[in-house]
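The structure under discussion appears below in the form of structure tokens.
Each value in this text was obtained by applying a stated rule to the coordinates, not by laboratory testing. These numbers were taken from a predicted model, which means no experiment stands behind them.
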Amino acid sequence: MAKYSPITYVYSNSTSTDLVPNLVFQGELDSVVSTKEVREFAQVCDEKRIKSVYIEVPKADHVFEGNYHYYGGQMTLWAMERFCQLVIQDL
């Protein structure tokens, strides 16, 4: 459903100051959400100057961040902490 898709709100008439910053992780081999769709979301965010970070994790499926022994889990934890620090500094 479109109302649950983040890209619906990016395409809305909202200004970049109305929208929250985005940190998006995508598994390269995601079997639930296509990488094409998420790349499009990241591109539109960039075009509309919405604060957004897109990280595509090689060889990862839809869920990978819960395993901290796997590089994808370690990378997402680091990126989430850093992203939160940067966003809080901008407040």
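Some observations on this one:
- Straight-line cross-link reach from K48 at under 22 Å between alpha-carbon atoms covers these lysines, not counting any fewer than eight positions away in the same chain: K3, K36.
- Angle between the chain longest axis and helix 71-90 axis [Cα atoms, degrees, rounded to 10]: 30
- Nearest-ten-degree value, helix 35-47 long axis tilted from longest Cα axis of the chain: 40
- Working from Cα pairs under 8 Å separated by at least six residues, relative contact order for the chain is 29 percent.
- Residue-averaged [θ]222 nm for the chain, counting only DSSP H segments that reach four residues, each worth -39500 (n - 2.57): -13000 deg cm²/dmol
- Taking amide H as placed 1.01 Å from N in the peptide plane, Q26 has its amide H under 5 Å from the amide H of I55, E56, V57, each at least 5 places away in sequence or on another chain.
- Tensor-based shape of the chain (alpha-carbon gyration tensor, a/c under 1.5 rounded, otherwise prolate or oblate): oblate
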